[in-house]
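> Here it is: the structure, laid out below.
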Amino acid sequence: SYYEGYLPDAGDDPEVLYQAAQASQQLASISYLLRQLDMAEKASARATEIMTLLHRKYPSVIKYETELAVCLRDQASILRDIPKKEAAARVYQAAMVVFEKLIKSGDPTGTRRAGLANVLVNYALQRDQIRDGSEVESWYQ
């Protein structure tokens, strides 16, 4: 499509790949806001694919793992709204695993805990599992 021509050719350089993933994620976000869900899904899938590759190749680079968690969370939300609920549930679960691993590695700002809480709430809402606020409240503690 038109916008895909503006995404950089990632090559093999990890920093170029990282920037390509960020560009794809930005395209996904803009497309999502414009309710162009097909484009958002494709761009988000590309961002997640690149970040998965980077994380597997460079597992000790925290920014790759953090960005992977964010990409998974955003991709799941897009899938939820298409709706592709089963695919969304699988991607939310993958995001949970990555966020939980990041939290165990330490996060003085709480940003990763907030990311995990966001994933848990969206996953539960998508699965219609929230009965009252007490379950959600426990996730923030």
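The values are calculated or read from the model by the stated rules, or taken from the named source; none is laboratory data. These figures come from a predicted structure and were not determined experimentally. Only protein heavy atoms, including side chains, enter the accessible area calculation; ligands, DNA and RNA are left aside. Shrake-Rupley method; radii C 1.70, N 1.55, O 1.52, S 1.80 Å.
> Please report the relative contact order for the range 50-92, taking Cα pairs under 8 Å with a sequence separation of at least 6, and give it as a percent rounded to a whole number.
29 percent
> Per residue, how much accessible area does the range 62-117 show when a 1.4 Å probe rolls over the protein heavy atoms, in square angstrom?
With the other protein chains kept in place, the range 62-117 gives 47 Å² per residue.
> For the range 20-125, what is the relative contact order in percent, using Cα pairs closer than 8 Å and at least 6 residues apart in sequence?
20 percent
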